[in-house]
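The next block holds one structure in the form of structure tokens; read it before the comments.
Throughout, read-outs are computed from the coordinates displayed, never taken from laboratory work. Not measured: the values here are computed from a predicted model. Counting neighbours? That spans all protein chains shown, and the Cβs are built from the backbone with ideal geometry, glycine included.
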Amino acid sequence: MNYQPGALTGEPIDTAEELAAPVTIGPEAYLSRDYAAAEADRLWRRTWLNAGRLEDIPEVGDYITYDILDDSILIVRTAPDAVKAYYNVCPHRGRKLVDTPPGMRNARGHKMRFVCGFHSWTFNLEGSCTHIADREHWQGRLDDANTRLGEVKCDSWGGWVWINMDPGAMPLRDYLEPAATLLDPFQLQNMRCRWRKWIIFDCNWKVALEAFNETYHVAGTHPEFIAFGDFPGWARNQGRHSNIGYDAPKSMDANQQAKLRIGTGDARISTAEMQRYTWEAANTNTTQTLVDAAMRLKDELPEGTPSGEVLQHWLKSARADDAARGVIWPDVPPAHNAEAGTSWQIFPNFQIGHAVNNMLCYHARPYNGDPDKCIFEGAVYQLYPEGEAPETEWEYTRAEDWPFVLQQDFANMASVQQGMKNAGFRGTQPNPYRERAIASLHYNLAKHMGEGAPRKL
């Protein structure tokens, strides 16, 4: 690469264990155009990427597209129990087979065959070319090998479709561990989208993800939540991934380390207030059932009820309400809940904020190769009664029209991107306990890029 390393003097770390100590990370990975260009082949074409939800392609012939820089991938349900992925390009002259409609995140539709809009070469769901006008002019040199669509590795987990452009990539399940094993009990595949939004944002994709992969920023960025309690958190490296969670008070059940947190003081009142504020200002990390159950706490429990009992009553009440309408929560043991934490950062660019009945997911990727811009996406899921999940599409939303709490995060993202360009900035210095997920991302990123490993502070 052509960029010059930043003013970092510490030795690069060699092992994941060293992420527990203070480190610093240079700004090149966020700012350098050479680095951003190198990511195309070294990173994006060599890792498993989350490309969409299986419920978006329920019928044979349903398809979606997923774009990452210059690569466009066509994902098709080819049989009731099979999904395949192809490069979204005609092998004749290079025209995209499926165009993304203007202003849309991706293309989505239904076809039993794909016809190139340039010369009408036609392809079936298995990728084979079934029609070529004037085929005899090629003097018998065209065969299935040089006319079929290029296939991309494709698999599913958690209700998502994952793709990998590296033919030699390890199996998806192996790649996702230990996240897959720790998240499987939450049955993420059963959740459906309540809303999903996307935006082109003025920051690097890493800056966007790092705004959400730690709890250290809550007091400074979201001070409104401090009225409900102090929720210090942790972050851990988990192989190529990482997870974060909350430190539970010694007197509290381990569920406190998940999304379902209890307020301080009179827990009946503070929990209800926190749930109502979360629903109205963030519209994430909770459901109407949980809000309604929290609002009843002051009437169902006497003043002075210990916090742990408030938590258990609230969860039991909300679980029963959901069960009555046909929504069954998975049973996740408290110890497993504590180990799984509150959110997972799946390398390189996807985050899963999980709970037993809802989840919040973030996804970020580069935009047009510009290190100062990214496509940022947020989606909220929850459990619904059979057949009652709403139909949702990806909605392009201006920053000022996202939920208020996310607007607070957005304000940091653009300012961080600009601040890193300041000549006085020497590199990030993440909190080794609460922000270890940031160091973990760059530790694993450096394995692909050959540059930018965190250095000892």
Within straight-line cross-link reach of LYS316, aspartates and glutamates at Cα separation under 17 Å, skipping those fewer than 8 residues along the same chain
ASP253, ASP292, ASP299, GLU300, ASP331
Round to the nearest 0.05 the FRET efficiency obtained for ALA40 and ARG173 when R0 = 30 Å and r is the Cβ-Cβ distance.
0.70
Using a Förster distance of 35 Å, how high is the FRET efficiency between ALA414 and ARG276, based on the Cβ-Cβ distance and rounded to 0.05?
0.75
Would you mind checking the tilt of helix 267-277 against the longest principal axis of the Cα atoms of the chain, expressed as 0 to 90 degrees and rounded to 10?
30 degrees
Give me the number: length gained by fully extending ALA399 to GLU303, i.e. 0.36 nm times residue separation minus the C-alpha to C-alpha distance, one decimal in nm.
30.4 nm
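Counting Lys and Arg as +1 and Asp and Glu as -1, each charge on the Cβ, what is the dipole of the chain about the Cα centre in debye, to the nearest 20? Mind dumping the intermediate values first?
Details: 46 positive and 60 negative charges, 144 e Å.
That gives the chain a dipole magnitude of about 700 debye.
Assuming a ≥ b ≥ c are the square roots of the Cα gyration tensor eigenvalues, decide whether the range 267-393 counts as rounded (a/c under 1.5), prolate (otherwise, with a/b larger than b/c) or oblate.
Numbers: a/c = 2.06, a/b = 1.86, b/c = 1.11.
Prolate is the answer for the range 267-393, as a/c is 1.5 or above and a/b outweighs b/c.
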Compute the length gained on full extension between GLU339 and ASP370: take 0.36 nm times their separation in residues and subtract their Cα-Cα distance, giving the result in nm to one decimal.
7.4 nm
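Computed FRET efficiency, Cβ-Cβ of ARG192 and HIS137, R0 56 Å: what is it to the nearest 0.05?
Values: r = 50 Å, r/R0 = 0.89.
For ARG192 and HIS137, the calculated efficiency is 0.65.
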Pick out, in residue order, every one of the GluC sites (Glu not before Pro) in the range 98-169 that is DSSP loop and has at most 15 other C-beta atoms within 10 Å; say none if there are none.
GLU126
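According to the square roots a ≥ b ≥ c of the eigenvalues of the Cα gyration tensor, what is the shape class of the chain, taking rounded for a/c under 1.5, prolate for a/b larger than b/c otherwise, and oblate for the remainder? Let's see the in-between values first.
Details: a/c = 2.17, a/b = 1.37, b/c = 1.58.
Since a/c reaches 1.5 but b/c is at least a/b, the shape of the chain is classed as oblate.
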Would you calculate the separation in nanometres between label points at GLU55 and GLN312, each defined as 7 Å from the Cα along the Cα-to-beta-carbon direction?
3.3 nm
For the chain, cysteines with no other Cys Cβ under 4.7 Å from their own Cβ are listed as CYS129, CYS154, CYS193, CYS203, CYS361, CYS374
Leading residue at positive end of dipole, the range 317-457 (Cβ point charges), from HIS363, SER343, PHE425:
PHE425
How far is helix 436-449 tilted off the main Cα axis of the chain, in degrees rounded to 10, range 0 to 90?
20 degrees
Which aspartates and glutamates, on any chain, are close to LYS456 with Cα under 14 Å apart, when same-chain ones fewer than 8 places away are left out?
GLU11, ASP14, GLU17, GLU18
Report, ordered by chain and residue number, the lysines lying within cross-link reach of LYS111, taken as a straight Cα distance under 26 Å and ignoring same-chain residues fewer than 8 apart.
LYS84, LYS96, LYS153, LYS197
Surrounding charge for PRO385, neighbours by C-beta under 11 angstrom, Lys/Arg +1, Asp/Glu -1, total -1
Simple SL model, points at 7 angstrom along Cα→Cβ for ALA323 and GLU224; separation in nm is 3.4 nm
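Just need the relative contact order of the chain here, percent rounded to a whole number, with Cα pairs under 8 Å and 6+ apart. Write down the numbers at each step before the final one.
Working: 914 pairs, mean separation 112.3, N = 457.
Worked out over the chain, it gives 25 percent.
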How tilted is helix 404-419 with respect to the longest principal axis of the chain? Cα atoms for both, answer in degrees (0 to 90, nearest 10).
60 degrees
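Could you list the GluC sites (Glu not before Pro) in the range 298-327 that lie in coil according to DSSP, counting only those with at most 10 other Cβ atoms within 10 Å of their Cβ? All intermediate terms of the calculation are to be shown ahead of the outcome.
Values: sites: GLU300, GLU303, GLU309; in loops: GLU303.
Answer in residue order: GLU303.
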